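S.K.: Have a look at this one.
The values are calculated or read from the model by the stated rules, or taken from the named source; none is laboratory data. All values derive from a computational prediction rather than experimental measurement. Positions of Cβ are generated from backbone atoms using ideal geometry, with glycine treated the same way; all protein chains shown enter the neighbour counts. Quick note on the areas: whole protein, heavy atoms, side chains included, nothing else; ligands and nucleic acids left out. Shrake-Rupley method; radii C 1.70, N 1.55, O 1.52, S 1.80 Å.
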Amino acid sequence: MIPVILAGGKGERFWPLSRKSRPKQFLSLDGSGRSLLQATADRLLDLAGGWEGLWVITAFHLADGVREQLPDLPEANLLVEVEGRDTAPAVAWATLEIAQRYGDDAIVGFFPADHWIGDLAGFHQTLRAASDLARERGAIATLGIAPTFPSTGYGYIEQGEALGSFLELPAYTVSRFTEKPDRETAESFLASGRYSWNSGMFIFQAGTVLQELQAHAPYILEPLQKEGPSIYPKIPKQSIDYALMEKTSRACVMPAHFSWDDLGDWNAIERLLKGDQSNVELARHIGLGTQGALLYSSDPDDVIVTIGLEDVVIVRDRSVTLVVRKDRTQEIKQVLKQIQDNPELTTLL
């Protein structure tokens, strides 16, 4: 497999720790000491056969950070977008480059840089099975995560016709994709047993996706074929789900049962690290009557003092302190829009 790490995201919901020049994928959030990008590369290296087989695609302003974090990555394997246009152009460009170097039969995998995966053996087995599915059936395989609660923040994939087993793992056609349902719908999805969370991980033969992009999204593929990546600013900004996966008949899903989290916001850190303690303390904390809090400081000399608080996130980074109820962390993006509109505050982004 030729794994490609998608490393151009902003990670805005981890602000103020995640900033424009230091986004979420450059941070260590699970206590391992390795950034999310480094951890993603670590678990893909065996499948790639070493650094020569691993690729990364990222934004122009993050390229030096990727080089610093992954010094062994060959420069030729680092694709730098002049402007971020979401995942469809990124997948199209990287697949074109890989097909040119390795041929249309090459198995390619795309992986977000900001996921946490706890079961490495299960992850590798699932990827090898998905590679077989892609090779034998001409499938565009996506990994579906077995849902553990009725999340309204994830996309869902409905399983269709059974395709048999690959390395003892079942695979199905995709019946439909559903974006971030309401609570009642999410509960019905969970109860049915036919739905997986959309992990955003894809495995396919390069030629298969190039054919399907030509059929369903030629407005993305053809400019890249003719002009190269310099045409990026003129390409529509679209996700690979919208541009291709919701339209192609080759989409298949392989339900995965390894431990996984997309680390979407500060509440994900609590899911990883909570244990039996009443609070998750990644800072020096003096608390009185404080329950269910997540506390983080980037400065080990900072002390956070709380009295009588419940279910809050408190984050200290440089000159910014964030205090937010855990059920409203999704609204951090709205605050960032206000900051962006204030010239005196844009240094905080």
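S.K.: What are the pairs with Cβ atoms under 7 angstrom where one residue, in the range 322-345, is free of Cβ contacts under 8 Å to residues at least 12 places away in the same chain and the other, located anywhere, is hydroxyl-bearing (Ser, Thr, Tyr) and open to solvent by less than 100 Å² (accessible area, probe 1.4 Å)? Sequence gap at least six, or different chains.
M.R.: Note: pairs meeting the criteria are Ile339/Thr346; Gln340/Thr346.
S.K.: What's the number of the condition Val303 fails, among (1) without any contact (Cβ under 8 Å) to a residue 24 or more places away in the chain; (2) surrounded by 21 or more Cβ atoms within 10 Å (Cβ to Cβ); (3) in contact with a Lys or Arg (Cβ under 8 Å, 6 or more places away or on another chain)?
M.R.: All conditions pass for Val303, except number (2).
S.K.: Suppose we keep only residues that are surrounded by fewer than 17 Cβ atoms within 10 Å (Cβ to Cβ) and of a type in the set (S, T, N, Q) within the range 268-300. Which one would you say is nearest to Pro16 (Cα to Cα)?
M.R.: Selected residue: Ser298.
S.K.: Given the conditions (1) touching a residue at least 12 places away in the same chain (Cβ under 8 Å); (2) surrounded by fewer than 18 Cβ atoms within 10 Å (Cβ to Cβ), which single one is not true for Arg67?
M.R.: Condition (1) is where Arg67 drops out.
S.K.: Something else: Among Asp114, Asp119, which is out of contact with any Pro (no Cβ under 8 Å at 6 or more places or on another chain), at pLDDT below 95 and crowded, with 20+ Cβ neighbours inside 10 Å?
M.R.: Asp114
S.K.: Hey, another quick one. Any chance the range 165-181 includes a residue that's open to solvent by 10 Å² or more (accessible area, probe 1.4 Å) and closer than 19 Å to Gly207 by Cα?
M.R.: no
S.K.: Scan the range 306-349 for residues that are open to solvent by 90 Å² or more (accessible area, probe 1.4 Å), over 20 Å from Leu282 (Cβ atoms) and part of a loop (DSSP other than H, G, I, E, B) and jot them down.
M.R.: Asp341, Pro343, Glu344
S.K.: Still on this structure, I have one more. Counting just the residues of the range 217-232 that are within 19 Å of Leu78 (Cα to Cα) and in contact (Cβ under 8 Å) with a residue 24 or more places away in the chain, which one comes out most open to solvent (accessible area, probe 1.4 Å)?
M.R.: Step by step, filter the range 217-232, then rank; the result is Gln225.
S.K.: Hey, another quick one. Test Glu75 against the stated conditions and say whether it is in contact with a helix residue (DSSP H, G or I) (Cβ under 9 Å, 6 or more places away or on another chain), open to solvent by less than 70 Å² (accessible area, probe 1.4 Å) and acidic (Asp, Glu).
M.R.: no
S.K.: Go through the range 135-164 and count every residue that is loosely packed, with under 15 Cβ neighbours inside 10 Å and either free of Cβ contacts under 8 Å to residues at least 60 places away in the same chain or not aliphatic (A, V, I, L, M) (or both).
M.R.: The qualifying residues number 8.
S.K.: Let me confirm something: among Leu36, Leu54, Leu29, Leu62, which residue is in contact with an Asp or Glu (Cβ under 7 Å, 6 or more places away or on another chain), surrounded by 22 or more Cβ atoms within 10 Å (Cβ to Cβ) and touching a residue at least 24 places away in the same chain (Cβ under 8 Å)?
M.R.: Checking each option against the conditions leaves just Leu36.
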